[in-house]
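Asker: The structure under discussion is supplied below as structure tokens; questions concerning it will follow.
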Amino acid sequence: MPAKPPEDANPGKAKQVTKSCPICGTPATEASKPFCSERCRDVDLNRWLSDSYRIPAKQDDDDTD
Ligand SMILES: [Zn+2]
């Protein structure tokens, strides 16, 4: 008897572990995982870029009056 992975022991889940799209929560597709579509992938990319821009570069913090 072959050893089964722990995921297989879960009766409520399918064999293949489908991740949910981090953007809208829809199960991701093979083509665009971990997103459900290229659209969500683009949304995530834009968010990521926005976040990068938002990071404050506190290097020169001189308080001039
Ligand atoms: Zn999505």
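The values are calculated or read from the model by the stated rules, or taken from the named source; none is laboratory data. Everything numeric in this text was worked out from a predicted model, so none of it was measured. All Cβ positions, even for glycine, are placed from backbone atoms using ideal geometry, and neighbour counts span all protein chains on display.
Asker: Output the residues belonging to segment 17-40 that are basic (Lys, Arg) and at pLDDT 95 or above.
Answerer: Start the filter on segment 17-40 by keeping residues that are basic (Lys, Arg), which leaves 19, 33, 39.
Hit for segment 17-40 is ARG39, nothing else.
Asker: List the pairs whose first member sits in segment 18-30 and is more than 8 Å from the ligand (Cβ to nearest atom), whose second member is of a type in the set (Ser, Thr, Tyr) and assigned to a strand (DSSP E or B), and whose Cβ atoms are under 9 Å apart, counting only residues at least 6 apart or on separate chains?
Answerer: Every condition considered, the pairs that remain are PRO27/SER20.
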